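Colleague: Below is a structure I'd like to ask you about.
The values are calculated or read from the model by the stated rules, or taken from the named source; none is laboratory data. Remember, predicted model here, so these are calculated numbers, not experimental data. Here Cβ is always computed from backbone atoms with ideal geometry, including for glycine, and neighbour counts include all displayed protein chains.
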Amino acid sequence: MTTPPTPQQPQAQPQQPQAPHTQAPQPQQAYAGAVAAPQGPPATAPAAPPAPAAPAPPSAWQQAMSNAYTSPIPVKRTNLGHALTSEWTKIKSVRSTVWTLSIFLILVIGIGLLAVANTQSDDYQDVPFTVPAFFGLMLGQICLITLGVLVTSSEYGTGMIRTTFTASPQRHRVLAAKILIFFTVAFVASAGSILLVGLMASGAHSGPEAGDIPWGGTVFKGALYVSLLGVLALAVGSMLRHSAGAITTMLGVVLVPAILPGFLGIWDSTQKLGEKMADYNAINSLAKIFQIDDFDSATGTSQLVLLIVLTAAAVVGAFALLEKRDV
Amino acid sequence: MIELEGLTKRYGEKVAVNNLTFTVRPGIVTGFLGPNGAGKSTTMRMLLGLDNPTAGDVRIDGKRYAQLKDPLKYIGALLDAKAMHGGRSAFNHLLCLAQSNGIPRARVHEVLDTVGLTAVARKKAKGFSLGMGQRLGIAGALLGDPEILMFDEPVNGLDPEGIHWIRNLMKSLASQGRTVFVSSHLMSEMALTADHLVVIGQGRLLADMSMADFIRQNSRSYVRLRSPQRERLLDVLHQAGITVVEAGNGTLEVDGTGAERVGELAAQHQLVLHELSPQQASLEEAFMQLTAESVEYHAHADHQGPGDAAPGRAPSGGPPPGQRPGQGWGSGWQQPRKGD
């Protein structure tokens with residue numbers, strides 16, 4: 001079929017027998033092209049064809065590159081919008097979101113309605129109409145903490161994070177999208193439920209005995225506080241990468257400052273610290289936001305600022321660790 | 001095209017990947033082979049930017065992974081079958097991946113169809129068998145219709161039908177001009193799919209050559225003989241200057257001579273043959289020999305075991321060519337191969 005000097009079987013690969021002599025190699029036959037590299041008519045230029053023994057002549061690859069596959073799917077530059085839609089799909093497609101949010105709503109609205117039913121108009125003389133939501137929020141904040149942790153740490157637990165970061169190597173964008181989506185979901189759920197309870201209370205008890213205390217701010221601040229607590233949990237989950245560890249840590253953050261002041265008050269040296277803790281722990285902060293603490297007229301702004309600072313610090317830490325660590 | 005340049009990964013004292021340099025080319029299936037713990041998965045994670053290399057560099061079509069703006073359209077990877085949230089349905093798992101890269105929703109249905117999971121698209125991934133999980137992972141890799149595909153041990157846990165499907169899938173993907181990079185610890189599997197081989201052991205590059213070269217360099221071809229007139233056959237072959245090895249169970253093995261010549265000799269002397277078959281020594285064996293050196297380098301004593309004795313193998317007329325002296329545990333692998 002050919003003259004002796006023709007390299008008939010470079011690397012002894014199986015090849016189409018007709019390939020070296022057809023005028024134009026089929027563009028789809030990238031495999032044959034990459035291996036055999038049938039360029040130029042061998043009969044006229046016996047010295048020219050690629051040496052069969054040389055491993056992978058570059059010309060062969062270049063040819064293969066020109067045959068390389070190109071996808072018909074249009075290429076788009078990804079941005080935060082893509083990450084947000086992706087995270088929105090993620091958060092709504094798992095059971096843990098449904099469960100934690102349902103329990104949260106049941107606690108806040110359920111306990112809230114019970115409280116509304118068992119109060120009189122004169123109970124609202126000094127407190128806003130949203131106070132019934134406070135009792136539910138004390139427990140309900142645990143649900144948002146759990147959800148916040150799970151949004152990040154469940155990906156590490158299941159191995160999903162490797163798939164996620166393969167699809168989006170811009171890790172900071174993924175975390176930013178998670179925070180935004182989670183915060184929005186948590187804020188809408190908490191503000192909505194507090195608002196509902198407030199409307200119920202004002203509807204049921206808007207008698208002349210009730211004080212005319214504005215309660216719009218408490219809806220915003222209360223929702224912001226518990227949502228930020230959730231974002232803090234999300235950042236802790238991202239740093240610890242372990243659901244149980246992160247949830248335990250967050251329970252510590254919520255409960256320890258509420259319990260510890262009882263002990264710290266015993267000694268003079270720690271009394272000051274104990275008082276600060278009593279003032280700024282999560283439960284008392286919520287109480288201040290809902291103006292239950294009637295000794296002073298503070299509305300929990302300083303508590304909210306502390307939580308914002310704390311959450312911001314945790315988020316910065318999460319971002320810093322995210323880029324550095326292996327997954 | 002994937003280019004690795006001096007890629008190194010150290011975990012404390014332990015060097016998982018040691019100065020790897022090779023290129024994965026388009027249009028062919030490149031097998032990435034190594035025993036368990038050789039550093040294959042670590043290398044693949046570094047390729048995908050999941051792990052940071054201690055030293056060296058990986059480039060995908062000339063870019064670092066983190067610089068890819070639409071990574072799923074460049075490279076699709078199956079790392080491990082269960083790299084997904086078990087509580088999410090197959091469809092939603094793929095949908096969130098697609099959305100993160102701006103891939104249209106219709107494509108999710110397409111890939112589910114390609115891997116044959118349409119019927120269970122709405123089922124939760126945690127109820128999936130290993131094989132179904134593997135298929136879902138492959139669907140994720142195909143989602144962006146990428147130029148480069150990377151599979152880490154794709155046939156693990158698959159039934160024969162699934163293995164067959166993956167083999168054909170990889171071949172057809174490569175024939176479309178894509179780069180296919182597939183890791184395995186099974187040489188026999190690679191022999192069926194890969195065109196090019198990269199072998200690593202203890203994190204170091206041991207071989208980077210075409211499959212055909214690997215076979216030629218590393219495997220021994222011989223002719224297997226069985227005859228009721230064994231003694232006479234031995235005499236005849238000896239007289240013809242042909243080296244014969246007794247391989248137990250009454251079979252003889254002839255190295256370096258074609259089956260035609262042996263058959264003609266037998267016919268000339270009117271010898272009855274019950275078997276005359278050309279054989280290729282197992283590639284698994286060649287692979288074991290190659291990697292045994294790197295294993296022995298780190299753990300001596302244990303590997304001088306049963307392999308050396310090679311029971312039932314009495315060389316008559318010197319050691320057969322193509323067989324290395326002092327091979328380690330690899331030689332033991334010849335025994336189970338006798339059956340096929």
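Colleague: Among the candidates A:Val127, A:Val94, A:Val98, single out the residue that is β-branched (Val, Ile, Thr), within 13 Å of chain B (Cβ to nearest Cβ), buried (at least 18 other Cβ atoms within 10 Å of the Cβ) and out of contact with any helix residue (DSSP H, G or I) (no Cβ under 7 Å at 6 or more places or on another chain).
Modeller: A:Val94 is the lone residue from the list that is β-branched (Val, Ile, Thr), within 13 Å of chain B (Cβ to nearest Cβ), buried (at least 18 other Cβ atoms within 10 Å of the Cβ) and out of contact with any helix residue (DSSP H, G or I) (no Cβ under 7 Å at 6 or more places or on another chain).
Colleague: Also: Sort out which residues of segment B:52-75 are touching a residue at least 12 places away in the same chain (Cβ under 8 Å) and over 26 Å from B:Gly102 (Cβ atoms), and write them in order of number.
Modeller: B:Pro53, B:Thr54, B:Ala55, B:Gly56, B:Asp57, listed by residue number.
Colleague: Follow-up question, since we're still on this one. Report yes if B:Lys126 is part of a helix (DSSP H, G or I), in contact (Cβ under 8 Å) with a residue 60 or more places away in the chain and out of contact with any Pro (no Cβ under 6 Å at 6 or more places or on another chain), otherwise no.
Modeller: Spelling it out, it is not the case that B:Lys126 is part of a helix (DSSP H, G or I), in contact (Cβ under 8 Å) with a residue 60 or more places away in the chain and out of contact with any Pro (no Cβ under 6 Å at 6 or more places or on another chain).
Colleague: Let me ask something else. Of all helices (runs of 4 or more DSSP H) completely enclosed by segment B:187-278, which ones contain at least 2 residues that are under 30 Å from B:Gly27 (Cα atoms) and out of contact with any His (no Cβ under 8 Å at 6 or more places or on another chain)?
Modeller: Answer list for segment B:187-278: B:187-193, B:211-218.
Colleague: If a residue has to be under 24 Å from A:Trp99 (Cβ atoms), within 14 Å of chain B (Cβ to nearest Cβ) and without any contact (Cβ under 8 Å) to a residue 60 or more places away in the chain to count, how many in segment A:164-214 make the cut?
Modeller: Within segment A:164-214, residues that are under 24 Å from A:Trp99 (Cβ atoms), within 14 Å of chain B (Cβ to nearest Cβ) and without any contact (Cβ under 8 Å) to a residue 60 or more places away in the chain number 1.
Colleague: For segment A:224-282, which residues satisfy the criterion of being in contact with a Gly (Cβ under 9 Å, 6 or more places away or on another chain), touching a residue at least 24 places away in the same chain (Cβ under 8 Å) and in a loop (DSSP other than H, G, I, E, B)?
Modeller: Scanning segment A:224-282 gives A:Arg241, A:His242.
Colleague: Identify, please: which residue in segment B:59-79 is in a strand (DSSP E or B) and crowded, with 21+ Cβ neighbours inside 10 Å and is, among those, nearest to the other protein chains (Cβ to nearest Cβ)?
Modeller: Going through the qualifying residues, I end up with B:Ala77.
Colleague: Next question, about the same structure. For A:Val185, are the conditions met, namely being surrounded by fewer than 24 Cβ atoms within 10 Å (Cβ to Cβ), among the β-branched types (Val, Ile, Thr) and at pLDDT 95 or above?
Modeller: Criteria met by A:Val185.
Colleague: Can you work out which of the residues in segment B:129-148 that are touching a residue at least 60 places away in the same chain (Cβ under 8 Å) and of a type outside the set (A, V, I, L, M) is surrounded by the fewest Cβ atoms within 10 Å (Cβ to Cβ)?
Modeller: Filtering segment B:129-148 for residues that are touching a residue at least 60 places away in the same chain (Cβ under 8 Å) and of a type outside the set (A, V, I, L, M), the one surrounded by the fewest Cβ atoms within 10 Å (Cβ to Cβ) comes out as B:Asp145.
Colleague: May I ask you to say which residue of B:Asn19, B:Asn92, B:Asn36 is on the phi > 0 side of the Ramachandran plot and either in contact (Cβ under 8 Å) with a residue 40 or more places away in the chain or within 11 Å of chain A (Cβ to nearest Cβ) (or both)?
Modeller: Testing whether each residue is on the phi > 0 side of the Ramachandran plot and either in contact (Cβ under 8 Å) with a residue 40 or more places away in the chain or within 11 Å of chain A (Cβ to nearest Cβ) (or both) leaves just B:Asn19.
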